[in-house]
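Just below is one structure, and these are the notes that go with it.
The values are calculated or read from the model by the stated rules, or taken from the named source; none is laboratory data. Note that this is a predicted model, so its numbers are computed, not measured. No Cβ is skipped: glycine too gets one built from the backbone with ideal geometry, and neighbour counts run over all protein chains shown.
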Amino acid sequence: MLTEESLTSIRTEFDNKVKKLDELPDLLNEGYDRLKWVNYVAYHSLSGMRDEIQAALKKLVEKIKDAVEGMFAPWLFVDYASKWQQVGNAVSKAYGIQNNEKYNLEGDWDGSAYKSYNTSKGYQATAMTTVADLCNKVHDQLLAIAEEGRSLYKALIDKLATVITNIVTFASESAASAGTMVPFTLPTCNAAVAGAVELAVEYITNFAEVQTKVWIASNELQNMIVSPQGLAISAGGSSVWPTPNSTEYDNKEDGWELDGQD
């Protein structure tokens, strides 16, 4: 479930994994250098593979920095979605109060005053329904965008974990064997790291698709708030809340008279 708490947990985990990346190049070299003391020929012959892993790590770090720049977006969208929902709930509550039986004046009066009141009430009810529906749609759109961002960072966390685990394991096995296991564990480490890095880079590159979805959603949100149904239009052309109908409250055709007047 997408909540502030779940996003915070993912963000913390992602931050920790990114920080761990800075330690990996030295950890890899430390494990690899032990080979020099047990098999100098193998140390030189396998150095190209070691360099491949280092190159993959460098590529990963560069791409991750791109992802970090936009990682706050999902959290902001969830927060904004909550605020829109709060507005929608407040408007729905007002609509419910307006339709409460004890505030309903239907059948208690008649004439031009009642007609003006009823017209104003209708305008207000339409506006409240429109705004409540608008708030719900904006809320849903923002959560959809946030979910896209959450999925990206969760996938990156999984791949970063793979990279970190393999290099830590390689270094541990190298230390435990005083370097003798390096020729056997380095190819496995290389394959795992290369595969994980390529997928991580692919995820970040494909984030352009998410950005397109954000752009589409942004346009939809913008269109939603342009002249919503039920809202009045001011002289300047902007949407405004409908004002009460102030005419036809004193129509003498209703048959009433003021004291001292015909």
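Against the conditions (1) at pLDDT below 80; (2) over 30 Å from VAL138 (Cα atoms), PRO74 satisfies every one except (2). From the list TYR123, TYR153, the one residue that fits, being in a helix (DSSP H, G or I) and either in contact with an Asp or Glu (Cβ under 8 Å, 6 or more places away or on another chain) or at pLDDT below 80 (or both), is TYR123. The lone criterion from (1) of a type outside the set (A, V, I, L, M, F, W, C); (2) surrounded by fewer than 16 Cβ atoms within 10 Å (Cβ to Cβ); (3) without any contact (Cβ under 8 Å) to a residue 60 or more places away in the chain left unmet by LYS154 is number (3). ASP110 satisfies every condition listed in (1) at pLDDT 80 or above; (2) not in a helix (DSSP H, G or I) except (1). Would you check if ALA171 is under 30 Å from LYS63 (Cβ atoms) and out of contact with any strand residue (DSSP E or B) (no Cβ under 7 Å at 6 or more places or on another chain)? Yes.
Using the structure shown, decide if ASP15 is under 22 Å from ALA161 (Cβ atoms) and either modelled with pLDDT of 95 or more or over 41 Å from the mean Cα position of the chain (by Cα) (or both). Break it down stepwise before answering.
Working: under 22 Å from ALA161 (Cβ atoms): yes; either modelled with pLDDT of 95 or more or over 41 Å from the mean Cα position of the chain (by Cα) (or both): no.
Here the answer is no, as ASP15 does not meet what is asked.
I want to confirm something. Restricting to segment 20-60 and keeping residues that are among the hydrophobic types (A, V, I, L, M, F, W, C) and more than 38 Å from the chain's Cα centre (by Cα), which single residue is surrounded by the fewest Cβ atoms within 10 Å (Cβ to Cβ)? Of everything passing the filter in segment 20-60, VAL41 is surrounded by the fewest Cβ atoms within 10 Å (Cβ to Cβ).
Contact map, segment 162-186: residues that are farther than 17 Å from ILE53 by Cα paired with residues that are among the aromatic types (Phe, Trp, Tyr), Cβ distance under 7 Å, separation 6+ or inter-chain. Pairs shown: GLY179/TRP37. Filtered by the rule that a residue be without any contact (Cβ under 8 Å) to a residue 12 or more places away in the chain, within 30 Å of LEU143 (Cβ to Cβ) and in a helix (DSSP H, G or I), segment 1-38 gives GLU5, SER9, THR12, ASP15, ASN16, LYS19. Kindly establish whether VAL41 is free of Cβ contacts under 8 Å to residues at least 40 places away in the same chain, aliphatic (A, V, I, L, M) and in a helix (DSSP H, G or I). So VAL41 passes the test.
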